[in-house]
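**Q** Provided herewith is a single structure, encoded as structure tokens, for subsequent inquiry.
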Amino acid sequence: MLPLVRPAKLPVASIDDLRAEARRLRVDLEREREEAQMARSQAQHLLDDKEAALGHMKQKANELEEATHSLRVSHRNRTELHRAPEHCQAMAHTAKPSRCCAAFALLLLCFLRMVPFATFVPASTTQALRSPRAHPAQVARHARGGEGEGDVVEQLLKPGVVLLDVRTEEEYMDGHVPGSVNIPHTEIKYRKNQLPPDTDTPMVVFCARGIRAQMAQDVLRSLGYTDVVNGMTWQAVQETMQQL
């Protein structure tokens, strides 16, 4: 028979040593958790700073675009102003007043004084203007002599009109017209799916000063929308709606 070999006795840690080791592991775990929480907070702060910087850059880009558009309009007006004297001079050279024209004008003036003005005004227009129940939009239409590109009041009275606020999302959150849709003027082409599918839908576009609204009106017309009116500022549109 082979002799029995007893295994060597391993040192057994005491309970105090085990407790101390567990306490040390718990402290290390808490420290790592605090470091992870701190790193998460720093990452969130960096993300917030980046979003704030992006919003500021967007606002500066919009202001730069408005300034560029204003400069273009000013340059165009200045060019037309410089061309005005040449146009007037050309008209002065081509115009040849005569005694016959003066006499004809005098006779026409005398004839208009003798004949009542109502003779030249259709009866339907006169009744519409004198009716106490005539709507302001109807009066405006008859005064213009028929249907044309409607003003803001007439546009707002159309059924199914869409109010499009083309300011930034931050400006829209600070104050907006109830029931309006917010699409910045630089994103209209890329968010066409949010526009009405019918290109004949009446629309009123507005912003803070009217410059971006004019640019948005041009973009919408290039997309095929035929009934778009520039309402200038959102405060003016809101006041007009409150008076209707």
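**Q** Exactly one condition in (1) at pLDDT below 70; (2) surrounded by 10 or more Cβ atoms within 10 Å (Cβ to Cβ) is false for residue 100; which is it?
**A** (2)
**Q** Scan the stretch 152-174 residue by residue and report those that are touching a Cys at 6+ places or on another chain (Cβ under 9 Å) and crowded, with 22+ Cβ neighbours inside 10 Å.
**A** Matches in the stretch 152-174: 165, 166, 167.
**Q** Go through 204, 153, 162 for me and flag whichever is at pLDDT below 90, of a type in the set (Val, Ile, Thr), under 16 Å from residue 238 (Cβ atoms) and not assigned by TED's automatic domain parsing to the domain that holds residue 54.
**A** 153
**Q** Can you find a residue that is surrounded by fewer than 19 Cβ atoms within 10 Å (Cβ to Cβ), on the phi > 0 side of the Ramachandran plot and touching a Ser or Thr at 6+ places or on another chain (Cβ under 8 Å) anywhere in the stretch 175-193?
**A** For the stretch 175-193, residues surrounded by fewer than 19 Cβ atoms within 10 Å (Cβ to Cβ), on the phi > 0 side of the Ramachandran plot and touching a Ser or Thr at 6+ places or on another chain (Cβ under 8 Å): absent.
**Q** What number of residues within the stretch 213-244 are modelled with pLDDT of 90 or more and either among the charged types (D, E, K, R) or in contact with a Leu (Cβ under 6 Å, 6 or more places away or on another chain) (or both)?
**A** 3
**Q** Something else about it: In the list 173, 114, which residue meets the criterion of being aliphatic (A, V, I, L, M), modelled with pLDDT of 85 or more and out of contact with any helix residue (DSSP H, G or I) (no Cβ under 6 Å at 6 or more places or on another chain)?
**A** Matching residue, one of 173, 114: 173.
The values are calculated or read from the model by the stated rules, or taken from the named source; none is laboratory data. Since the model is a prediction, treat every value here as computed from it, not as a measurement. Using ideal geometry, Cβ is built from the backbone for each residue, glycine included, and neighbour counts are taken over all protein chains shown.
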